[in-house]
Amino acid sequence: MNGQAMLRLAPITLGTLIVPLDSAVNVAFPAIAAAFGLAVPEIQWVVICYVLTYGSLMLAAGRLGDIFGHARVFRFGLAWSVVAYLLLTIVPGFGALLVCRVLQGVGAALVLGCGPALATGLFPEAMRARALAAYAATLAAGSTIGPLLGGVLVEAFGWQAVYWFRAPIALAALALSWRLPVAPRTALREPFDAPGALLLVAALATLLLAVNRAPAPSAAVFAGLALLCGTGFAWRSARAPRPIIDLGLFRRTGFAALNLSNAALGFAGFAVMLLVPFYLARITGMPPILLGLVLAGGPAGGMLGAWIGAPAVGRFGPRAVLVSGALVTAAGLLSVPFWSAMTPIPVLMATLLLQGVGVGLFTLAYTDVVMATMRREDRGVAGSLTMLTRTIGVVSAASLLTLIFGATEAAMLADGLHPTEAFLSAFARAFLLAGALPLLVLPLLLRQR
C-alpha cells in the first residue's frame, strides 16, 4: 500500500489508535493498585468495566454506522472519548474511576464499530486484505506504543497520564476526519432495530458478567438473564425487517466455529497483558520504562504478523494462515512458563514477539473471512463482530485467568510455599492453560473451507 493510500487512511488509523493505546493502562496496574489500596484480583475491574461496555455495544454501534454513516458515528465516538479521558484524570476514588471507564467504553464502541468499515470502504474489494492489514497494524502499533509510553508517563506524571495523553490524539483525528466521505442522507434509510439492540446489549452484558462472576452463585443468575435476553434477541431478529445481525450467518459451515476460535485466541493472548506486568515488576524488579519496553514485544509481533498475513492470505488462503497463526501463538505462550529471574531481556521480548506474530496472522485472516462472508452494506456489523469475539475472549481471560491464578497462589501459600514460589507456580499454570487454547481450536480451523 503506497503513501497516498496510507494518507487516505490517516484519519481512521489515528482515531482508532486511541483504543489500542489503552495497553498503557496495563503498565499502570501496579501504580493504580497502590493508589487505591487494591489487591491483584481487584484490578480486573479496571479492565472489565471498560471491555464489558464496548463489547456489549459494539454490534449496535456498527449497525448505527451502517444506517447513519460510518464517518458520522466515528466522529461522535472520538468527541465522546475526549470527554471520557479528561474525566478519568480527575476521579476522586476507585468507584469514580470505574464509572469513567464505562464512559470510555462507549466511545471505544463507536470508534471500533465503524473503523474497519471505513478502512475497507475507501478501497476496491481487491484491496480489502491490504486495507485490513493496515488497520490491524494500527491496532497492533497502538498496543506496542502503549506500554512504552505508559512506562514513561507513569514514572514522570503518575498513573493518570495513561488517560489524558490520548485526548489530543482524538482531537487531531477528529479534525482530520472531516475529509472522510460521508454517506448521503436518503429518504429510504434502513430502520434501526432498537428493541433488538437493547436485547442484544443486555444479552452480551449479562453473558460477560456471568463469565466474570464465575464460580460465584451470582454467575448463574447472570447466565440465566443472558439466556433469556439472547432468546429474546433471536426471536426479535427473526421478525425484524433488518435485524442488528443476521443470525442465519452462524448456520453457514464453519462460521460459528471460526468466531469461537477468535474468542479463544483473544483469551490466550490477553494472558500476557494481564499477568506479565506483575511478573516483570515482582520477579525481575523492572522499572516501569523497561517493563513497558518488554511488554511492547507482543504488540510489535502483532503488527508484523498483520503485514505478513495480507500477502499470505492471497497466496496460501485464509485457512493456512489461521492454522499458522494458532500454532505460532501457542509456541510463544508455552515458552513463558520457562522464564526465570535470570532470563535475559531479549529472550523475554522474543517470546512475546513470537506470540504476537501468531495473533497478528490469525486476526488478519479471520477478519478477512468475516468481511468476505457478510454483505458490503453490513460492513459496520462485520467489523464489530470481529472485535466482539476477541472482546469476549479478553473478558473471559480477565475473569477466569485471574480466578485460576488467585486460587492456585492461595493454595500454594496454604501449603507453606514461599510467596515468590507460589506466585511463579500460579503464573506458570495460567500460561500453560493459555498456551493450550490455540492448540485446542486447531481441529475447528482445519475444517474451514
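Every number here is computed from the coordinates shown, using simple stated rules; none is lab data. On a predicted model such as this, the values are computed, not experimentally measured, just so you know. Positions of Cβ are generated from backbone atoms using ideal geometry, with glycine treated the same way; all protein chains shown enter the neighbour counts.
Could you give the C-alpha radius of gyration of the range 293-372 expressed as a fraction of 2.2 N^0.38 Å, taking N as the number of residues it contains?
Values: Rg = 13.4 Å, N = 80, 2.2 N^0.38 = 11.6 Å.
Rounded to two decimals, the normalised Rg is 1.15.
Taking the highest mean first, how do the peptides 431-437, 284-290, 29-35 order by number of other beta carbon atoms within 10 angstrom per residue?
On the way: 431-437: 20.4, 284-290: 16.3, 29-35: 17.9.
The packing order, highest mean first, is 431-437, 29-35, 284-290.
For the range 362-375, putting each phi into the Karplus relation 6.51 cos²θ - 1.76 cosθ + 1.60 with θ = phi - 60° gives couplings of 4, 4, 4, 5, 4, 4, 4, 5, 5, 4, 6, 6, 9, 5 Hz, in residue order, rounded to whole numbers and with x for Gly and Pro. Dividing the summed -39500 (n - 2.57) terms of all DSSP H runs of n ≥ 4 by the residue count of the chain sets its mean residue ellipticity at 222 nm at -26000 deg cm²/dmol. Semi-axes of the equivalent ellipsoid for the range 198-320, computed as √(5λ) from the eigenvalues of its C-alpha gyration tensor and ordered from largest down, come to 35, 26, 11 Å. Here the range 52-187 is described by how far its Cα atoms reach on the three principal axes: 47, 32, 27 Å, from widest to narrowest.
The range 378-421 and the range 3-82 have Cα centres spaced 19 Å apart.
Here the extension length gained between I404 and M342 equals 19.8 nm, from 0.36 nm per residue of separation less the Cα-Cα distance. Taking the three principal axes of the alpha carbon atoms in the range 194-246, the coordinate ranges are 39, 15, 13 Å, sorted in descending order. A simple spin-label model places pseudo-atoms 7 Å from Cα toward Cβ; at L171 and L122 they are separated by 2.3 nm.
Quick one: pull the percentage of alpha-carbon pairs in the range 106-170 with a separation above 13 Å. Mind dumping the intermediate values first?
Working: 1481 of 2080 pairs.
Roughly 71 percent, once rounded to a whole number.
If you wrap a convex hull around the alpha carbons of the chain, what volume per residue comes out, as a whole number of Å³? Present the calculation step by step, with values, prior to reporting the outcome.
Values: hull volume 61.5 nm³, N = 449.
Per-residue hull volume (Cα only) is 137 Å³.
Loop-located trypsin sites (Lys or Arg not before Pro) in the range 222-326 (DSSP state not H, G, I, E or B) with no more than 11 neighbouring Cβ atoms inside 10 Å: R252.
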